[in-house]
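The structure under discussion appears below in the form of structure tokens.
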Amino acid sequence: MNLAVFDLDGTLMHTSRVDGDCFLQALEIEFGLTESDFETDLAAYTHITDSGILHEVFETVRRRPPTIEERTRFVARFVRLLETAFQADPERFREVPGAFEVLATLDQDPDWAFGLATGGWRASADFKLRTAGLLLGGTPFASADDALSREEIVRTCIRQARERCEVERFARIVSIGDGAWDVRTARTLGLPFIGVGEASRLTAHGAGHVVPDFCDPDVFLRLLLSIETDGRP
């Protein structure tokens, strides 16, 4: 059996911008922090995940990590802001074309399993998926609640998938994402990688194969089977 591990924001859904906007708003509302208080360039953070960024912002501004209570407050506020944003403009939560058709196809294929490894919080990911009418049920699902680093989030998703599928190892594991950090994570873990989005941006960071979206599911599914760890089919 094979495993496809998908990122969420920017990969399955066009939610990266609204996610970032609500994250910044939640920092200001809950903790009085504005963009002048911390680095807004994601590339500057050690771990580009919601938990990693919140942790580093607190270490920079407060000289300590956030408490469990502060993290809980932040996540709750963040999700409420996403809910408000969705009510104002549902179009900001649209799927990447063809994404859910690909997931449905993989779900019916006995040779494939898929999982979700998002750098976002579980609660915010759940909300975004519900807005799209996608209920993952028992799908392997790792998030920023599980770890600070994307590498450990992906590892967690793979462990969950092994348990769910009752296999010791997968014949092939392919990582699918839209960010430079997704490319780096796949390289660190030695996984084949397929980028989603603007080809020039991702190939500049070492992605060997990029699709603009999932509008041609046959092309994407063939790529899943042909790509090797070094990015060449």
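The values are calculated or read from the model by the stated rules, or taken from the named source; none is laboratory data. From a predicted model like this one, the values you see are computed outputs, not experimental measurements. Cβ sites come from the backbone with ideal geometry, for glycine too, and all protein chains shown count toward neighbours. Heavy atoms of the whole protein, side chains included, go into the accessibility calculation; ligands, DNA and RNA do not. Shrake-Rupley method; radii C 1.70, N 1.55, O 1.52, S 1.80 Å.
Values for this structure:
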item	result
Centroid-to-centroid separation of the stretch 94-116 and the stretch 41-60 [C-alpha atoms, Å]	30
Axial C-alpha extent at least 24 Å, average Kyte-Doolittle at least -0.5 - helices from the chain (DSSP)	68-88
Cubic angstrom per residue, convex hull over Cα atoms of the chain	121
Length released on extending from Ala132 to Ala204, taking residue separation times 0.36 nm less the Cα-Cα span	22.8 nm
Convex hull per residue volume in Å³, alpha carbons only, for the stretch 1-121	127
The stretch 139-233, accessible surface, carbon-and-sulfur percent (1.4 angstrom probe)	47
Choice from Glu39, Glu168, Glu152 showing the highest fluctuation, given a GNM over the chain with Cα pairs closer than 10 Å	Glu168
Potential extension, Asp218-Arg159 segment - 0.36 nm per residue separation minus Cα distance	18.5 nm
Semi-axis lengths, Å, the stretch 50-151, gyration tensor of Cα atoms, sqrt of 5 times eigenvalues	29, 18, 10
Potential lengthening between Val167 and Glu91 on full extension [0.36 nm per residue; Cα-Cα distance subtracted]	23.4 nm
Sum of -39500 (n - 2.57) over DSSP H runs of 4+, divided by residues of the chain (222 nm, nearest 500)	-14500 deg cm²/dmol
Listed residues Gly179, Gly119, Gly20, most fluctuating in the chain (Gaussian network, C-alpha, under 10 Å)	Gly20
Inter-label distance, nm, simple model (7 Å from Cα along the C-beta direction), Arg17/Met1	3.9
More than 20 angstrom apart: percent of Cα pairs within the stretch 122-207	43
Max mean-square fluctuation residue, GNM over the chain, Cα-Cα springs under 10 Å, options Leu129, Leu202, Leu24	Leu24
Accessible area (Å², per residue) of the chain, counting only protein heavy atoms and a probe of 1.4 Å	47
